[in-house]
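Single-structure report; data block below.
Taken together, the values in this text are just the output of simple stated rules run on the coordinates, not laboratory data. Keep in mind it's a predicted model, so treat the numbers as computed, not measured. We place every Cβ from the backbone using ideal geometry, glycine too, and count neighbours over all the protein chains shown.
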Amino acid sequence: MNPGVLPGQSFPPGATVLPGGVNFCIFSKNATAMELLLFDRPDDCQAALIIPLDPKHNKTFYYWHVFVPGIGAGQIYGYRVYGPFDPEQGYRFDGTKLLLDPYARAVVNSENYSRQAATCPGDNCTQALKGVVVDPSSYDWEEDAHPCIPYSVTVIYEMHVGGFTRNPNSGVSPELRGTYAGIVEKIPYLKELGITAVELLPVHQFDEKDVQPDYVNYWGYSTVAFFAPHNGYSSRRDPLGPVDEFRDMVKALHREGIEVILDVVFNHTAEGNENGPTFSFKGLENQAYYILEENQAFYSNYSGCGNTVKANHEIVGRLIIDCLRYWVSEMHVDGFRFDLASILSRSKTGHPLEDPPILWLIESDPILAGTKIIAEAWDAAGLYQVGSFIGDRFAEWNGPFRDDVRRFVKGDVDTVTKLACRIMGSPDIYPQPDREPNRSIHFVTCHDGFTLNDLVAYNCKHNQANGEDNRDGSNDNFSWNCGEEGATNNPQIEALRLQQIKNFFTVLLVAQGTPMLLMGDEIRRSQLGNNNSYCQNNQLSWFDWSGIEKHADLLRFVRGLIHFIQAREIFRQEQILAGKEETREPHIIWHGVRLGQPDWGYHSHSLAFTLRHPASGEHLHVMLNAYWESLIFELPPLSTRESWHRIVDTALPSPSDFCNLETAPPITGYSYRLEARSSVVLMGF
């Protein structure tokens, strides 16, 4: 033991700033020896101080710990961990590798990081990621508070931190492009659009090199450190800069009433399979952190990414809970979207559990009680739990909404009955009588798949740029190019594509549930038919800010419709709408082209419905025509003092396609002609 160094304590895990120094604590059950290394600079090849941990004095149960006086926030550190290397028994200790603390709050040396050096035998100190000691109490939140916006009024915007402002035409200063600070400069755009929550693609420190050679991991689903904000999204180069810049972003978004939801990846890590690198978990306690095959030299792969985190192991489960609590209490985020969340319901051996401990812990945790928790309720090994995910609090990405709306708008058969269920918040999928329908997260597009523009411009995926011979990405897109593959100079095709995009937005926003928009869909962002741009950190994936002027008409339409929906009580209901007209509760009545006669037939392509809110007096009538010819719809009668006014008609050119209440023209007569492949929203007043 070095002079002045004390044994320390076994709680809390990680590096904790205390009066007079820092307590370090890390878990390893089967390690035989351990060293704490302290560095002066991120790229140092040698430690300024190496502190051996004595199992007799620096270990309590399976926790290794030490208190180092005279250091504080900003201290750079890592571990060397020694023990058996016997992969067939699940042991992968390697004392030549510098290991990252799983609880590290910040990470440095990503500029020199080598995935290959972490994979091949030998010392990798110069090219290893290193942790940084962080003191959360040192930041001034200035009375920041969680907005706590109900699902019933939430509009989510799924966005990539880097891609949102990285384009040179973003108007953001060069040093801030692609950063947390860059988002702050664009908050007025989000506010004007009507967004109430941003859902950020992974911001936990990830391995940009976890991809085939000559490409970059752009999306970030390759976690290195769950507690640390990705330093590649920070404009600051000092060790603590990414942490403070992330918090500055959260504080600025909260100031404008916008929540921050993180896309979290607790299903796998960047260490990959048996051929992957060792930078943290493998070298600390491989058997605890990963689900292994019967021959423990191999990793179970329910994630499709090489390994599977053993989420229901007690140590890993505690890490997940500690991590979520940290991001809520110390980083002030407002919720989480759990990537491939069904993996969290798998046992230590990979079998689905009826009552998975980690999910119940997340559901019932008091610190997380006011947050949004959203499940992607499936995994890459075929476990599909949409409608059956555990608990009372989890919202779910509604994959059937995406598919059924796409098929209806495209003009497929056997879609009308399913569409009606999706518009109602999917009571066929979520039959629980007390379930809030807005916990169904509705989306037509997300990061994984076509953009909305490409959904109406391509019949097939075009992923050749990814270097995988177009084998990657989904083949089942339910897309339609409207007559010509890709970009076109045909004005009729271009007009139809724009109309179809407006149809998608209309259905998404009038349905009972929580809508989620994909970054850039409101200005027709295109990936040129690439439906899996995970490795494309370039203008193919970035937000093209020239689209604000180029597609101003669509942007106006989307902004107007979002604000219109947000202002209506009928769209804020927290119970499934009643299906009886005589009720005094908010209700929905179904029609076809004739009143009260919906056509649920296999070959039907049209649907209409009336929404009424007796308390507020709101009357809305929505008509959807996915048929390739015009149809005449009967209109419901109103009182003699009211008439129907046209809010939306997607077949009309801008600005007639959307009208606010002040400019909405009255409708005369008892019917309305919907042009082919169009949507209409009327309001009675």
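Overview of values
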{"quantity": "Two-decimal log10 I(q)/I(0) for the stretch 87-139, as the Debye equation yields it once each C-alpha is a single scatterer, q = 0.29, 0.31 Å⁻¹", "calculated": "-1.15, -1.21"}
{"quantity": "Per DSSP, loop trypsin sites (Lys or Arg not before Pro) in the stretch 233-323 with at most 11 further Cβ within 10 Å", "calculated": "Arg237"}
{"quantity": "Net charge dipole size for the stretch 578-684 [Lys, Arg +1 and Asp, Glu -1 on Cβ; Debye, nearest 20]", "calculated": "100 debye"}
{"quantity": "Relative contact order, percent, the chain [alpha-carbon distance under 8 Å, six or more residues apart]", "calculated": "10 percent"}
{"quantity": "Mean Cα-pair separation over length for the stretch 570-655, i.e. relative contact order, pairs under 8 Å, 6 or more apart, %", "calculated": "21 percent"}
{"quantity": "Values of log10 I(q)/I(0), in the order q = 0.15, 0.18, 0.19, 0.21 Å⁻¹, for the stretch 180-292 under a Debye, Cα-only, solvent-free model", "calculated": "-0.74, -0.96, -1.03, -1.15"}
{"quantity": "Length-normalised contact order of the stretch 155-314 in % [C-alpha pairs under 8 Å, at least 6 apart]", "calculated": "20 percent"}
{"quantity": "Centroid-to-centroid separation of the stretch 536-558 and the stretch 88-164 [C-alpha atoms, Å]", "calculated": "30 Å"}
{"quantity": "Global geometry of the stretch 370-484, whether rounded, prolate or oblate, following the gyration tensor of its Cα atoms and the 1.5 cut on a/c", "calculated": "oblate"}
{"quantity": "Percent of beta bridges antiparallel (DSSP, the stretch 578-684, rounded to nearest 5)", "calculated": "95 percent"}
{"quantity": "Approximate shape of the stretch 578-684 as ellipsoid semi-axes (Cα gyration tensor, √5λ), whole Å, largest first", "calculated": "21, 19, 11"}
{"quantity": "Residues with amide H under 5 Å from that of Tyr290, placed H, sequence gap 5 or more", "calculated": "Lys310"}
{"quantity": "Between the stretch 250-268 and the stretch 454-471, the alpha-carbon center distance in angstrom", "calculated": "30 Å"}
{"quantity": "Percent breakdown of C-alpha pair distances by 10 Å bin, ordered from the shortest bin, for the stretch 452-608", "calculated": "9, 28, 32, 20, 9, 1"}
{"quantity": "Alpha carbon centroid spacing (whole Å) that separates the stretch 1-60 from the stretch 567-604", "calculated": "63 Å"}
{"quantity": "Entries in Lys251/Lys372; Lys97/Lys310; Lys59/Lys282; Lys186/Lys550; Lys130/Lys186; Lys191/Lys502 that, when Cα-Cα distance is taken, lie over 25 Å", "calculated": "Lys130/Lys186"}
{"quantity": "Amide H contacts of Ala33 (H built 1.01 Å from N, under 5 Å, at least 5 apart or other chain)", "calculated": "Tyr82"}
{"quantity": "The chain: antiparallel DSSP beta bridges as a percent of all, rounded to 5", "calculated": "75 percent"}
{"quantity": "Protection proxy ranking of 162-174, 516-528 - average other beta-carbon atoms within 10 Å, highest first", "calculated": "516-528, 162-174"}
{"quantity": "Equivalent ellipsoid semi-axes - Cα gyration tensor, the chain, angstrom", "calculated": "50, 24, 24"}
